[in-house]
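All of the numbers you see were taken from the coordinates with simple rules; none came from a lab. Not measured: the values here are computed from a predicted model. As a convention, Cβ positions derive from the backbone with ideal geometry for all residues, glycine included, and neighbour counts pool all protein chains shown.
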């Protein structure tokens, strides 16, 4: 219960942020941090709680983003209506990849590589079929208003992404306290003994990748409403896959707050270096990469591991 | 061979290509003559990288190696971007556009040399794996890590050596590649998945498999490009990769299921 109270306090504090500042820059940093945190939370379900490291989470993100963009731009759907469709598609793609790779027993790095290859396949497909707008990408019409999930000011977007992140927090909390979560963590810690104790390893992993895929697709829907544009490299390129795994690893794998903590640290660090050396492209990414190596080397349990 | 999946392979190749490029531009060294510089340099870099970074960070887990090498790849790629900007660079040599006629086919000389060089490197590697103590030690570590340690093999040293040898091959590849190719900070990422595909297809740890896998992938890429167009054609490689991982993870020529 105390953790639920913390989640509520966090939600209230972030929701009040626009009352404290109307600075578009500050709110944009907050939005992008929450967006990265959401990607991280989704990745954390599968990797942190389930022990299955995906290197291709862009496949779910891009599917959600394209589901929203195609349904809105081509079929005139309302943005809210695209959300359940995107979630379902994200889960379906997760189910497909999960069913194939877990059925044939891919583990560890082989699973990581197969997810990466799936993301590449989807990127090439999106680049070559007509209804995704191919290489040109898709523009979504700007229709500010809560009814269209789009807003004239940053505060609206902040509240939407905050709501998604709170859902992510609740899912993580549930994984910590439910029977299913215990199964999933048992599979992570030792697949063979979990199976010996009667856990249906295949089903548990499959459900985890579907849940993770759906939550990642939500981030894709948000991305399309925020930027009103998507193309194959943005949707399925490796940048999203990397962003999804950085936060949880730096914050703390398999924890409720790790993804948010990691995303916050990364984005503040990124902003700080961008302010210092704005003339050099790629410097903030050098720091991200170095941080990734150093964290795994010295703090494999993330920043949260320091506290506990 | 040792199930080290190195994500930084592409980035290391990119660095090697830059090395060859700058040796040519600054020191006027012919790409083929930079072999004796690049191969030892890449070997030393690879050995040190494994010893001091990868081995320490991996804590004995496969996934960590993947993540650490991914981090290294991000650092290298963006360091190159910061230092040398994103321009694509090529070098001009006297023989860049020379072609040789073999029967009815006209083949660019640099590509022919690259083919010969690749074959030579493969032969040397094979001889090393078969005939030297190091080769035997590598094979022992691949098969049974703890057993190898028990009979007195310095496992960490062997892993670092094979990592170094892998990067040394990239140094050689860069020397053969650059006269016919180009270099920019992103050049490596295109090679990473293709290299994984070839290795997985041929069977992990099998050299003959890697060679045949390489040929097969080349053919698939060309045929895919011909029938499906330049950009959709690449899909064949990834589909093969997924299919092999799922249905035949030991590879086409791998020994063990």
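Table for the structure above
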item	result
Efficiency of FRET from Cβ geometry, residue B:181 and residue A:9, R₀ 51 Å, rounded to 0.05	0.35
Label point distance in nm, residue A:163-residue A:26, each placed 7 Å from Cα along Cα→Cβ	2.4 nm
Sorted peptide list for B:45-57, A:58-70, criterion being average Cβ within 10 angstrom, highest first	A:58-70, B:45-57
Choice from A:31, A:287, A:249 showing the highest fluctuation, given a GNM over chain A with Cα pairs closer than 10 Å	A:287
Distance histogram for the protein assembly as shown (every C-alpha pair counted, 20 angstrom bins, percent rounded to whole numbers)	20, 54, 25, 2
Rg(Cα)/(2.2 N^0.38 Å) for segment B:9-184, N = residue count	1.17
Longest to shortest principal axis, alpha-carbon extents of segment A:167-216, angstrom	33, 20, 14
Segment B:9-184: relative contact order as a whole-number percent, Cα under 8 Å and 6+ apart	45 percent
Shielding of A:238-246 by partner chains, average beta-carbon count, 10 Å	2
Span from the segment B:21-44 Cα centroid across to the segment A:194-265 one, whole angstrom	42 Å
Kirkwood hydrodynamic radius over Cα pairs of segment A:44-198, then Stokes diffusion coefficient at 4 °C and 1.567 mPa s, in µm²/s	73 µm²/s
Average other protein chain Cβ within 10 Å of Cβ, residues A:119-127	4
Among A:158, A:276, A:96, residue whose mean-square fluctuation peaks in a GNM of chain A (springs only between Cα atoms under 10 Å)	A:276
Relative contact order [Cα under 8 Å, 6+ residues apart], segment A:1-152, whole percent	24 percent
Pairs of Cα atoms farther than 20 Å apart, segment A:75-143, %	48 percent
Alpha-carbon Rg/Rh ratio, for segment B:124-212, with Rh computed the Kirkwood way	1.03
10 Å Cβ neighbours from other chains, averaged over peptide A:94-106	2
Cα-derived Rg over Rh, computed across segment B:108-164 with Rh taken as Kirkwood radius	1.19
Bins of 10 Å, starting at 0 and running to the largest distance - Cα pair percent for chain A	6, 27, 36, 24, 6, 0
Segment B:55-71 residues near the modelled residue A:276 label - backbone nitrogen below 20 Å, point 7 Å along Cα→Cβ	none
Relative contact order %, chain A, counting alpha carbon pairs below 8 Å whose residues are six or more apart	33 percent
Residue among A:127, A:28, A:190 with the largest mean-square fluctuation in a Gaussian network model of chain A, springs linking Cα atoms under 10 Å	A:190
